[in-house]
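The values are calculated or read from the model by the stated rules, or taken from the named source; none is laboratory data. Treat the numbers as computed from the prediction; the structure is a model and nothing was measured. Positions of Cβ are generated from backbone atoms using ideal geometry, with glycine treated the same way; all protein chains shown enter the neighbour counts.
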Amino acid sequence: MDEDTGALPRKENFSEWYNEILWRAEIMDVRYPVKGLYVWYPHGFGIRKRAYGILRDLMDRDHAETIFPLLIPKTEFMKEAEHIKGFEDEVYWVTHGGTSELDVPLALRPTSETAIYPMYSLWIRSHTDLPLKLYQVVNTFRYETKHTRPLIRLREITSFKEAHTVHATWEEAAAQVEVALGLYREFYEGLRVPVIISRRPAWDKFPGADYTIAVDTIMPDGKTLQIGTAHMLGDHFSRTYEITYEDANGERQYAYQTCYGISERSIAAVVSIHGDDKGLVLPPEVAPIEIVIVPIIVGKRRDEVLAAAGALEEELRGAGFTVRLDTRDMRPGAKYYHWEMRGVPLRVEVGPRDIDANTVVAVTRTGKKTTLDRRGVVEGINSVLREFGEDLSQAARQAMADKIAVTKTLEETAEAVKAGVAVVHWCGSQECAEKIEAAVDASVLGSEIRSDLIAVSDGPCIACNGKGTSALVARTY
Ligand SMILES: Nc1ncnc2c1ncn2[C@@H]1O[C@H](COS(=O)(=O)NC(=O)[C@@H](N)CS)[C@@H](O)[C@H]1O
Ligand SMILES: [Zn+2]
């Protein structure tokens, strides 16, 4: 990559800041010659790798990972009416193999229900086969007609983690939706990304689902980003794909299902929420390089400093950190700038004074400086990084809290959604939702809100004065 120079746009100009940081911090190259398809730079891929490592650890607690085929025969895809209606404008079709036309066109999976469920129908025979909980991390394809955006709205979703579970009863499936939301909450805690969970209105639920519960975060420009969803599928798909099981009395029953997904929007959230005017700020948990060592080389003691820096690198690597010793022939300030842009959480400086005092200077990405004893340096760094991660969580929570306003009238709501999320009383009717959306130029995002930053209450619907409860209204990505 060409060495970067010059300051980023200020983060308050979020859209420009976001577009520039993707290449300046070597996350994604947007120059691929197909709209909506982008290329991971290795540094960005390293963030994804660590983030999805956390996600897999959570999923592997009680799911099994596998991979289903990418291509779905039209005959299977077209079976579930509501699902088709929801996706027919977004599906890519493969119609030829080489020069010969395929007798059955093949869909590129937009999501994998119609690839997986015909196999579930073959695999599930008895209640002893249940519950079945599988997931895959694959690329999926959606011919998005809305504005595409790297990491946020892609036509090839490269990091689509989709779980598909099968249960004997509706209640067990409903409980699994709650398990999924718990996993997502833990995942985003690991990324230090605050979330608001809510139930999507019926007209926004996943095609073919009974209901959808979504995980949103609030981006720096006040718009919300849906960074995960969990769907209760009931027995809609099991009736369409004949997923039945013999119960303990030998009766054939239709199974009940859920599915839940996360994509690289999780990385968009990390980049957007923690970044600052100097570049990326990465939580240690997902930083491809956690520590960069910068030797402060002063004249004749050059070799001594380099030797000390090398020994420190060995020790830190031995302790399990991903560490980089930067011995490039550059001013220290230019090195600081380079690694700050890439979000490295901790810089450790080693100079002649430190050697004499048997200390090192640790500087976090957000500028907190600590002098550490060279002896016990691993413990010292661990506590500095732990505190750094906590500080990121707190700052992100506060930033979210500052973007949430409880509003009582349409006028107040119209004002509030320009900078963030409004919490209003809504009766739940589509008619009132449309009135609200028209009046405030934002979306009714969800009800049954779960967030420790929002106190849910009852009150008169701001559109009809009827019995209402708290609901989210916001502009969305
Ligand atoms: N075009 C897109 N680009 C990036 N991420 C997307 C895109 N479309 C959806 N997502 C993300 O993927 C998540 C799951 O997608 S979904 O349509 O809501 N749900 C499903 O596809 C279900 N089969 C659960 S896996 C969404 O919550 C959203 O965060
Ligand atoms: Zn109403």
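Of the residues that make up the stretch 250-272, is at least one part of a loop (DSSP other than H, G, I, E, B), hydrophobic (A, V, I, L, M, F, W, C), farther than 30 Å from E349 by Cα and more than 14 Å from ligand 1 (Cβ to nearest atom)?
Yes - at least one qualifying residue is present in the stretch 250-272.
Would you confirm whether or not the stretch 99-110 contains a residue that is part of a strand (DSSP E or B), charged (D, E, K, R) and loosely packed, with under 15 Cβ neighbours inside 10 Å?
Checked the stretch 99-110: at least one residue is part of a strand (DSSP E or B), charged (D, E, K, R) and loosely packed, with under 15 Cβ neighbours inside 10 Å.
Do we find that L151 is on the phi > 0 side of the Ramachandran plot, surrounded by 15 or more Cβ atoms within 10 Å (Cβ to Cβ) and touching a residue at least 60 places away in the same chain (Cβ under 8 Å) in this structure?
In short, yes.
When only residues in the stretch 187-224 that are in a helix (DSSP H, G or I) and more than 16 Å from the chain's Cα centre (by Cα) count, which is surrounded by the fewest Cβ atoms within 10 Å (Cβ to Cβ)?
W203
Anything in the stretch 407-428 that is more than 15 Å from ligand 2 (Cβ to nearest atom), over 24 Å from T212 (Cα atoms) and aliphatic (A, V, I, L, M)? List them, or say none.
A414, A416, A419
Name every residue in the stretch 360-383 that is surrounded by 17 or more Cβ atoms within 10 Å (Cβ to Cβ), in a helix (DSSP H, G or I) and touching a residue at least 60 places away in the same chain (Cβ under 8 Å), in order of residue number.
Result: V377, I381.
Does the stretch 391-408 contain any residue that is surrounded by fewer than 18 Cβ atoms within 10 Å (Cβ to Cβ) and of a type in the set (V, I, T)?
Checked the stretch 391-408: at least one residue is surrounded by fewer than 18 Cβ atoms within 10 Å (Cβ to Cβ) and of a type in the set (V, I, T).
Quick one: in the stretch 431-452, of everything that is assigned to a loop (DSSP other than H, G, I, E, B) and crowded, with 18+ Cβ neighbours inside 10 Å, which residue is farthest from ligand 1 (Cβ to nearest atom)?
Within the stretch 431-452, the match that is farthest from ligand 1 (Cβ to nearest atom) is A442.
If I ask for residues that are within 19 Å of E415 (Cβ to Cβ) and more than 15 Å from ligand 2 (Cβ to nearest atom), which ones from the stretch 429-475 would you list?
Scanning the stretch 429-475 gives D441, A442, S443, L445, I454, L472, A474, R475.
I'd like to check something: does the stretch 164-186 contain any residue that is buried (at least 21 other Cβ atoms within 10 Å of the Cβ), part of a strand (DSSP E or B) and touching a His at 6+ places or on another chain (Cβ under 9 Å)?
There is at least one residue in the stretch 164-186 that is buried (at least 21 other Cβ atoms within 10 Å of the Cβ), part of a strand (DSSP E or B) and touching a His at 6+ places or on another chain (Cβ under 9 Å).
State which residue is farthest from ligand 2 (Cβ to nearest atom) when the search covers only the stretch 384-401 and only residues that are touching a strand residue (DSSP E or B) at 6+ places or on another chain (Cβ under 9 Å) and without any contact (Cβ under 8 Å) to a residue 60 or more places away in the chain.
Once the filter is applied, the top-ranked residue is V384.
In the set G234, G208, which member is at positive phi, at pLDDT below 95 and away from ligand 2 (no atom under 16 Å from the Cβ)?
Sole residue among the options that is at positive phi, at pLDDT below 95 and away from ligand 2 (no atom under 16 Å from the Cβ): G208.
Report, by residue number, each residue of the stretch 140-168 that is modelled with pLDDT of 95 or more, over 14 Å from the mean Cα position of the chain (by Cα), of a type outside the set (F, W, Y) and more than 8 Å from ligand 1 (Cβ to nearest atom).
R149, E156, T165, V166, H167, A168
Being in a helix (DSSP H, G or I) and touching a strand residue (DSSP E or B) at 6+ places or on another chain (Cβ under 8 Å) is the filter here; which residues of the stretch 409-423 pass it?
Answer for the stretch 409-423, where residues must be in a helix (DSSP H, G or I) and touching a strand residue (DSSP E or B) at 6+ places or on another chain (Cβ under 8 Å): E412, T413, A416.
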